[in-house]
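The values are calculated or read from the model by the stated rules, or taken from the named source; none is laboratory data. Because the structure is a prediction, the values reported are computed rather than measured. Neighbour counts run over all protein chains shown; Cβ positions are idealised from the backbone, glycine included.
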Amino acid sequence: MTQIGIGIVGGGYMGKAHAVAMSAVGAVFDTALRPRLEMVAASSLESATRYRDQFGFLRAARDWQELVADPKVEAVIIAAPQDSHRAIAEAAFALGKPVFCEKPLADTIDSARAMVAAAEAAGVANMVGFNYIRTPASQFVRQLLAEGAIGRVTWFRGEHTEDFYADPTAPRGWRGVGQANGNMGDLAPHPINAALALMGPIASVMAEVETVHAERPGGPVTNDDHAQIMCRFASGVMGHIYSSRTATGRKMGYAYEIHGTQGAIRFDQEDQNAVWLYRAEGPEATRGFTKILTGPAHPDYAPFCQGPGHGTGYQDQIIIEARDFLRAIETGSAVWPSFRDGLAVAEVVEAVLTSSTTRQWVPVTQV
């Protein structure tokens, strides 16, 4: 086993999740590289010091520049606001350091493309954080589709729906300001990533993007609340994607439904340890969706628990990401989703925003 010094920029919700994951991944997956929480940076030295003590880092940095430049920080995790992603990543790549960046890859399409160029020029491990697609259940669904379990796929529907902004009296806060903090920057990338992972490239989109509550206590909302996207995949299959932060009653509505000529698949992250599979076989009277509970027979489940149906949780998805990132660093092999995969999501987002403005179909390759 070899230690590797990890530096995390950001100590909030996702910074904590990555710190916990890096502390646990060696024990869960017996990784050859064992992370050492070397340094954390935040909005101030005071905040970084608090996160150092809370999460078990060895040191706190004055700012992200100090963290990236430190020779004992051998890999960088970016869990900071989107408008800082590019500068941090480019500085790390210039020093030949691997980078894991939380989604979305960047706040603009130009910055996303620059980050991909920097990553590929550096030739080091680079990965973007789309954790939900890593559940054992969704990994199993990818296997089912690859095996042709439901025949030729004919339709896809995906969504990411939550209700944390459903109340019109909720204060505007930082979420209501700036395109990167709206639904298209925050929630939409997840179902778009799921669509790409399960169905392949998206060729074109026709979309509407809308602000449901334009005024909130604290001022006007300058970004979107929800979006509906008709899409045509490069395979020819048609689909629909919906994302919303005002979907009353929905808490973690990362869900998808896939129809095929010989069956169908349903999944909902609110019941993340179950896959519903329909096979068009046998007598009609006995056909129906079968609920499959994940267990040790499914991808990346057994390292967490030996009991079928006992389930994995949100933090486990982040630990699986940590394993993949460390493996990419160790082996020098490509990891999915790379920065280029993150750019593919950003390009669909850009096409959606363009379509919503022009009110017409937009080929993704033209953005």
Which numbered condition trips up ALA24, out of (1) touching a residue at least 60 places away in the same chain (Cβ under 8 Å); (2) closer than 22 Å to GLY342 by Cβ? (2)
Got a number for residues in the range 1-38 being in a helix (DSSP H, G or I), in contact with a helix residue (DSSP H, G or I) (Cβ under 6 Å, 6 or more places away or on another chain) and within 14 Å of PHE100 (Cα to Cα)? 4
Inside the range 307-349, can you point out the residues that are of a type in the set (Lys, Arg) and outside the structural domain of ALA297 (by TED's automatic domain parsing)? ARG340
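Just one of ARG142, ARG52 is among the basic types (Lys, Arg), at pLDDT 95 or above, under 17 Å from the mean Cα position of the chain (by Cα) and part of a helix (DSSP H, G or I); which is it? Steps first, answer last, please.
Numbers: ARG52 fails: under 17 Å from the mean Cα position of the chain (by Cα).
Every option except ARG142 fails the conditions.
Conditions tested, residue by residue: (1) in a helix (DSSP H, G or I); (2) among the hydrophobic types (A, V, I, L, M, F, W, C); (3) modelled with pLDDT of 95 or more.
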| position | (1), (2), (3) |
| --- | --- |
| ARG266 | no, no, yes |
| VAL275 | no, yes, yes |
| GLY288 | no, no, yes |
| ALA302 | no, yes, yes |
| HIS310 | no, no, yes |
| ASP316 | yes, no, yes |
| ALA322 | yes, yes, yes |
Under the condition of being outside any loop (DSSP other than H, G, I, E, B) and surrounded by 14 or more Cβ atoms within 10 Å (Cβ to Cβ), which residue from the range 156-177 is nearest to the chain's Cα centre (by Cα)? HIS160
